[in-house]
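So the structure is just underneath, and the comments pick up after that.
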Amino acid sequence: MTVLPIRDMEPFLAGRPAVLARGPLAVILVEDDTAVAATLRHHLDRGFRHILLMSDLPQDLPDAMAEQVTQLRYDPRRPAAHVDAVNAVIRAVPAGTWLYYASTPNSCSIRSARPAASERCWPFTPRNGAARCCPM
């Protein structure tokens, strides 16, 4: 098992590391330590090239999985935390990069293209039925 290093989100994204160069990328907001490794394995098995794990909680992962996951310091428990996290990643990746975001334990939405700078993405909900990006 490997304890993931927790990196500061803003400098990591500003550096535009190679893991962000192409998708599909998953952004997973982790609120607690329930089933984290299983959730990440599920997404990697579905073909995501890399996962950005957004959490301020230390995470232990199997060694084989750790190379495909970057943990960024983030508080996913605050209201609308997904909006700022997803927008920060959108700004850091090349246009057209396939992104997916979810929150453990609930899957939220899929976004397959970079929205305009004046948009924010909102999650899947039973009420609206689909992910959507809305003007700010």
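Might you check whether a residue that is touching a helix residue (DSSP H, G or I) at 6+ places or on another chain (Cβ under 9 Å), exposed (fewer than 14 other Cβ atoms within 10 Å of the Cβ), at pLDDT below 90 and not in a strand (DSSP E or B) occurs anywhere in segment 9-31? There is no residue in segment 9-31 that is touching a helix residue (DSSP H, G or I) at 6+ places or on another chain (Cβ under 9 Å), exposed (fewer than 14 other Cβ atoms within 10 Å of the Cβ), at pLDDT below 90 and not in a strand (DSSP E or B).
Residues that are more than 12 Å from the chain's Cα centre (by Cα) and within 20 Å of Asp32 (Cβ to Cβ) within segment 75-107 comprise Asp75, Arg77, Arg78, Pro79, Ala80, Pro105, Asn106, listed in sequence order.
Could you check, for segment 35-43, whether at least one of its residues is of a type in the set (D, E, K, R), modelled with pLDDT of 90 or more, assigned to a loop (DSSP other than H, G, I, E, B) and under 21 Å from Trp98 (Cβ atoms)? Let's see the steps before the verdict.
Within segment 35-43, the first condition is being of a type in the set (D, E, K, R), and the residues that meet it are 41.
Still in the list and also modelled with pLDDT of 90 or more: 41.
Still in the list and also assigned to a loop (DSSP other than H, G, I, E, B): none.
No, the conditions are met nowhere in segment 35-43.
Restricting attention to segment 48-80, which residues are part of a loop (DSSP other than H, G, I, E, B) and surrounded by 21 or more Cβ atoms within 10 Å (Cβ to Cβ)? Those that are part of a loop (DSSP other than H, G, I, E, B) and surrounded by 21 or more Cβ atoms within 10 Å (Cβ to Cβ): Phe48, Ser55, Tyr74. Among the residues of segment 30-56, those identified as over 15 Å from the mean Cα position of the chain (by Cα) and under 17 Å from Met1 (Cα atoms) are Asp33, Thr34, Ala35, Ala38.
The values are calculated or read from the model by the stated rules, or taken from the named source; none is laboratory data. Note that the structure is a prediction, hence the values are computed from the model and not measured. Virtual Cβ from ideal backbone geometry, glycine too; neighbours counted across all protein chains shown.
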